[in-house]
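What follows is a short report on a single structure.
Since every read-out is calculated from the coordinates, none of them should be taken as a lab result. Worth saying up front: this structure is predicted, and the values here are computed from it rather than measured. Positions of Cβ are generated from backbone atoms using ideal geometry, with glycine treated the same way; all protein chains shown enter the neighbour counts.
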Amino acid sequence: MATRQPLLEVRNVSKMFGSVLALSNVSAKFYAGEVTCLLGDNGAGKSTLIKILSGVYQPTEGDYLFEGKKVVLNSPREALAMGIATVYQDLSLIPLMSVWRNFFLGAEPERRFGPIKGYDIGFAKQTVREVLGHMGIFIRDPDQPVGTMSGGERQSIAISRAIYFGAKVLILDEPTAALGVKQAGMVLHHIVRAKQRGLAVIFITHNPNHAWPVGDHFIILRRGRVLGDCRREEITQADLMNLMAGGEDLVKLQEELAALLEEPLEAVGEAPNVQEAGGAG
């Protein structure tokens, strides 16, 4: 049986910032029609890796492959032209602008009136209704300012926009980080829909409870290195949470705290008399 080719791959990638090693020898494969969850605490190297994947940074060492071919990305625009779309936490949406204007921002549809070009507003509004409707978002008014929408709805608009403009790889940077349970659930539904459309979805999160329901593949980063790389059938949710929590370090910490609780408290001296310390005045 032929080995399936990853849509996007990095091999032995490292990234230096001066003398600081942010990523060390990281390899990862991302497949079409799958959700790969990239997990790790703050400082694990997640942000550095997604900026390499999205063309913001070039790796100091290692190879970047797209559809089996080595490429060098010089900017996010080049990545987007290849079909690699990144939705950052700030979403790149303008709160005071309407839904339809945000959706087509930078890619405005045109309509000709003889030699004169104009913004095809009718097409934009109709398209936004249809595209968001297919993603399960039914807006009453496409003129509604994005800033009046919930965090989950805004994330959904950003995801829908990336899919509409032909993304093959969808990179989501902590999309559920600041959301409540219901809004996070909305975003997770859209992640599954994107996977069903054949996209390779890279879901960056520090929350294994959000990663587990949607993930096909889990990569855990720690201190710039790959701590674990498992497919769903190779790991349990408990093991995933244990890896995220620190694994052996967590066990060691628990043992240290248990030992500390068994020790008698040392005698504590009386607190100094405030009046004596400060003088009688």
The range 124-263 - share of DSSP beta bridges that are antiparallel (%, nearest 5): 55
If you project the alpha carbons of the range 97-144 onto the principal axes, what extent comes out on each, in Å, largest first? 38, 19, 16
antiparallel share of DSSP beta bridges within the chain, to nearest 5, in %, is 55
Within the chain, what is the number of lysine pairs with alpha carbons under 16 Å apart, leaving out pairs fewer than eight places apart on the same chain? 10
Under the definition of Cα pairs under 8 Å and six or more residues apart, what whole-number percent is the relative contact order of the chain? 25
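Taking Cα pairs under 8 Å and at least six residues apart, what relative contact order does the range 97-144 come out at, in percent?
Once divided by the residue count of the range 97-144, the mean separation gives 41 percent.
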So for the pair Val20, Glu67, with labels modelled 7 Å out along Cα→Cβ, what separation do we get in nm? 3.6
Could you work out, for the chain, what percent of all Cα-Cα pairs fall into each 10 Å distance bin, beginning at 0 Å and stopping at the bin that holds the largest distance? 6, 24, 28, 19, 10, 6, 4, 2, 0, 0
Exposed-loop cut sites defined as trypsin sites (Lys or Arg not before Pro) in DSSP loop states with at most 12 other Cβ within 10 angstrom; longest site-free run of the chain spans 141-281
Dividing the mean separation of Cα pairs under 8 Å (6+ apart) by the residue count of the range 105-215 yields a relative contact order in percent of 20
